[in-house]
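Everything on this sheet refers to the single structure shown next.
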Amino acid sequence: MSVRTPVLDAPDQEPPTAEQPWQRLHPRMVVVSVSWLVGPAVPLLGAILVARDLLNSHGLIVLGSYIVVAGVQAGHEWVRYRTTRFRITDSLVELHSGLLFRTDKSIPRDRVRSADLTANPVHRLFGLAAVKVGTGEHTARSEDEELVLDGISREQAVQFRALLLGRGAGDTGGEAPALPVPLARMRWSWARYAPLTVTTFAGVLAVVTGVSKLLDTLGLDVTDSGTARSVWDWLSAVPLAVAVAVVTLVLLAVGVAGSLVAFTEAWYGHRIEREPEGALHISRGLLTSRSVSVAERRICGVELSRPLPLRLLAAGRLSLLATGLGGRGTRFPGTLGPAQLIPAAPLNSAHQITADVLDEAASPITQAVLRGHPRPALRRRLVRGCLWAPAGAAALAGAGTAAGALPWWAAPVAAALTAACGAPLAVDAYRGLGHALCGDYLVVRQGTFVRRTVALRRDRVVGWTGRQTYTQRRAGLCTLTATTAAGQGAVRIRDVGVADGLRFAEAALPGLVAPFCGTPTDPSEHRDKP
């Protein structure tokens, strides 16, 4: 069965030249796919041997499952190796794969926006890499709709990326090739911000839970050891407050250590360079190396995100908005998104890197003078923070009271605490709203738990969408959305006045929404004047 599923269709596309040979994946990929299962099987076998009843039935079942899965995985990779072919012609990037269900993918080379090269530890051990071709399409949500070559040699991957971005070799005319211009490198002082993330402690909790479940499945009880019993007896003897403080400190220490290890693995060797051919090159990673190249003509702006803990320390994370990089997610497990430029860093460093990446004298985020939103936007946030959120908390506490798990006073206390926290958060969320035009950039800010500031090039906005809920119509507000091909595909300005939003959209793209404005618009009204 053969199905033709092109990723992008180019009109009047010339057929590929027959001289271009088809290439295959590297046969080492079969071994790589099984190596991921061999690693966990070794400690599993060791745990089975030291179990109380040695070769217990549960351990043998798990080990047998590993063997079956390894065999199936090896067979699947062998079929994939034998049935996958790819080539790059003068006009197309083609990929043929599949045995029972044949899939043919093709991407016009002029539609390629980025090339993401990733190599996990096993890939690097066998000299392999994976390359993902970015086209800027927001409809590609599954693996079947992406063009990814997972299992080619490292040298082949580098050549593949160079061809995709139009950097052929041998065109220097006998002159020495120009060196890339460094823009930023990782600073170890940034590691102090690594523990200020919720994912760090969530990851530690997930690891502890997984290990405890595995030990329980194998019949191992670590609480039977003398050390564990002594620790438990000591915690039982001391006051409850001391025991809670000790456990909290231990969890914090484990979380901080885990965050520092994760920071080192993800950002070791991080650097941002501007290549002579007109591309921005980002590389990082200790065990899993990642290298992303984006044509500079595809860069649309940046996004500065500041979670609440980082806001308290005047720090933030910086991401790149470019066609072909998509949103914050990533296809490769255990790695950061390709759009993230730097880890959590001081604001002055983030602003300087923003200016360097956008090739501007100063960051548009710092230059922009943001316009505030009308007072009804504050009222909407106060209603949510002081009415709906306390009502929900009281309902949950009331359900616990009905089940006998909580006392009768839990519901009013939960409602009062939620309202006390919701009021300042609502005010902070309102103060965080803002928008402005700064030169060639559209700057938008919003959020309280995670405050995001987006600087987007005005010429990369392809359209505007206005949306009003029932309560927004009564308050004279709307949510204005700037559609773009970068990032998540849209930049939203929430709870802006209808007339002010229309004037702002017209100032950003003159002539596009003028029929809806009602009155002539002065573009300088929304442009800041530092």
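Of note:
- Gain in span if fully extended, Trp232 to Ala162, counting 0.36 nm per residue against the direct Cα distance: 19.3 nm
- Three-way shape label, the stretch 423-492, alpha-carbon gyration tensor, a/c 1.5: oblate
- Of the peptides 294-306, 258-270, 278-290, the ranking by mean beta-carbon count within 10 Å, highest at the top, reads 294-306, 278-290, 258-270.
- Between Val246 and Trp188, the FRET efficiency from the beta-carbon distance, with R0 = 41 Å, is close to 0.85.
- Global form of the stretch 282-324, assessed from the alpha-carbon gyration tensor, a/c cut-off 1.5: oblate
- Assigned charges on the beta-carbon of Lys, Arg, Asp, Glu; the stretch 434-501 dipole about Cα centre (debye): 200 debye
- Taking a ≥ b ≥ c as the square roots of the eigenvalues of the Cα gyration tensor, the stretch 383-499 is classed as prolate, since a/c reaches at least 1.5 and a/b is larger than b/c.
- At R0 = 41 Å, FRET efficiency that the Cβ-Cβ distance of Ala362 and Ala74 yields, to 0.05: 0.15
- Computed over protein heavy atoms with a 1.4 Å probe, the carbon and sulfur contribution to the accessible area of the stretch 229-367 reaches 65%.
The values are calculated or read from the model by the stated rules, or taken from the named source; none is laboratory data. Model, not experiment: these values are computed from the prediction. We place every Cβ from the backbone using ideal geometry, glycine too, and count neighbours over all the protein chains shown. Calculation scope for accessible area: heavy atoms of the full protein, side chains included, ligands and nucleic acids excluded. Shrake-Rupley method; radii C 1.70, N 1.55, O 1.52, S 1.80 Å.
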